Amino acid sequence: MNVTILFDSIFGNTAKVAHAVADALGRDNQVRLATMQDAGETDLSSTDLLIIGSPTRGFRPTPQIQEYLAGLDGFPNGMVAAVFDTRLDLETVQPEPLRWVIDVGGYANHHMAAALRGHGIELRGAPGAFLVTGNEGPLKAGEIERAREWARTLIG
Ligand SMILES: Cc1cc2nc3c(=O)[nH]c(=O)nc-3n(C[C@H](O)[C@H](O)[C@H](O)COP(=O)(O)O)c2cc1C
């Protein structure tokens with residue numbers, strides 16, 4: 001399978017997840033990994049599975065990812081997609097009422113999935129959500145392994 005992974009990352013945590021996903025799929029598939037800076041020049045014409053990863057910022061994906069998804073073009077018929085985000089581990093958020101606000105606000109995943117569906121692209125697997133223990137990270141213990149496991153669920 002031909003897999004393209006596009007991600008954005010401000011503090012490096014989403015990048016770590018994206019690399020773990022690439023690593024897990026790389027053994028049996030052709031995997032390309034690119035940041036949003038290179039997304040515009042990334043040709044999707046032979047992609048079977050497109051994976052998009054974003055940090056959740058203000059309940060949404062980064063502006064670069066939102067813009068990219070709004071203008072997504074040049075993908076083959078039958079290409080499927082999967083999404084993952086990184087987000088705060090609510091147990092680490094203080095004061096406690098803020099947890100409710102963050103959770104009710106929603107996450108990047110939902111927006112990315114809706115944008116892909118809007119292009120008629122079928123989603124593969126459950127959206128991935130990987131936790132950081134502070135705005136700049138680090139990732140919660142075990143999240144890299146969970147990312148590898150999640151990646152393997154995308155390949156049928
Ligand atoms: C300006 C800003 C807004 C954020 N908004 C949210 C949010 O709405 N929900 C959430 O769970 N985490 C939020 N976070 C935490 C980010 O999800 C976290 O910084 C990100 O997962 C780290 O990924 P990165 O290292 O790839 O940038 C926010 C962080 C920043 C700096």
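Looking only at residues in the range 77-108 that are under 22 Å from Ile155 (Cβ atoms) and loosely packed, with under 12 Cβ neighbours inside 10 Å, which one is nearest to the ligand (Cβ to nearest atom)?
The extreme case among them is Gly78.
Give the range 24-42 a look and list any residue that's farther than 18 Å from Ser9 by Cβ, assigned to a loop (DSSP other than H, G, I, E, B) and of a type outside the set (D, E, K, R), or say none.
Scanning the range 24-42 gives a single hit, Asn29.
Return only the number of the condition from (1) modelled with pLDDT of 95 or more; (2) of a type in the set (Gly, Ala, Ser); (3) within 20 Å of Val31 (Cα to Cα); (4) assigned to a loop (DSSP other than H, G, I, E, B) that Gly156 does not satisfy.
With respect to (1) modelled with pLDDT of 95 or more; (2) of a type in the set (Gly, Ala, Ser); (3) within 20 Å of Val31 (Cα to Cα); (4) assigned to a loop (DSSP other than H, G, I, E, B), Gly156 is out only on (1).
Going by the conditions given, is Asp38 in contact with a Gly (Cβ under 8 Å, 6 or more places away or on another chain) and farther than 19 Å from Thr153 by Cβ?
no
Hey, could you check the range 138-154 for residues that are among the hydrophobic types (A, V, I, L, M, F, W, C) and surrounded by 15 or more Cβ atoms within 10 Å (Cβ to Cβ) and say which is farthest from Phe11 (Cα to Cα)? Let's see the steps before the verdict.
Our first condition is that a residue be among the hydrophobic types (A, V, I, L, M, F, W, C); within the range 138-154, this holds for 139, 141, 144, 147, 150-151, 154.
Then drop every residue that is not surrounded by 15 or more Cβ atoms within 10 Å (Cβ to Cβ), which leaves 139, 144, 147, 150-151, 154.
Working: Leu139: 11, Ile144: 16, Ala147: 18, Trp150: 22, Ala151: 22, Leu154: 26 Å.
So the residue we want is Leu154.
Provide a single number: the residues in the range 1-51 that are within 16 Å of the ligand (Cβ to nearest atom), in contact (Cβ under 8 Å) with a residue 40 or more places away in the chain and open to solvent by 70 Å² or more (accessible area, probe 1.4 Å).
Qualifying residue count for the region: 3.
Output the qualifying pairs, or none if there are none: Cβ atoms under 7 angstrom, residues six or more apart or on different chains, first residue in the range 128-150 and over 17 Å from Asn109 (Cβ atoms) and within 11 Å of the ligand (Cβ to nearest atom), second residue aromatic (Phe, Trp, Tyr) and open to solvent by 30 Å² or more (accessible area, probe 1.4 Å).
Pairs found: Glu136/Phe11; Gly137/Phe11.
Among (1) of a type in the set (A, V, I, L, M); (2) touching a residue at least 40 places away in the same chain (Cβ under 8 Å); (3) open to solvent by less than 70 Å² (accessible area, probe 1.4 Å), which single condition is Ala70 missing?
Looking at each condition in turn, Ala70 falls short on (3).
So which residues in the range 109-127 are away from the ligand (no atom under 15 Å from the Cβ) and out of contact with any strand residue (DSSP E or B) (no Cβ under 8 Å at 6 or more places or on another chain), if there are any at all?
Residues satisfying the conditions are Ala114, Ala115, Gly118, His119, Gly120, Ala126.
The values are calculated or read from the model by the stated rules, or taken from the named source; none is laboratory data. Here the structure is a predicted model, which is why all the values come from computation and not from measurement. Here Cβ is always computed from backbone atoms with ideal geometry, including for glycine, and neighbour counts include all displayed protein chains. Surface accessibility is based on the protein's heavy atoms, side chains included, excluding ligands, DNA and RNA. Shrake-Rupley method; radii C 1.70, N 1.55, O 1.52, S 1.80 Å.
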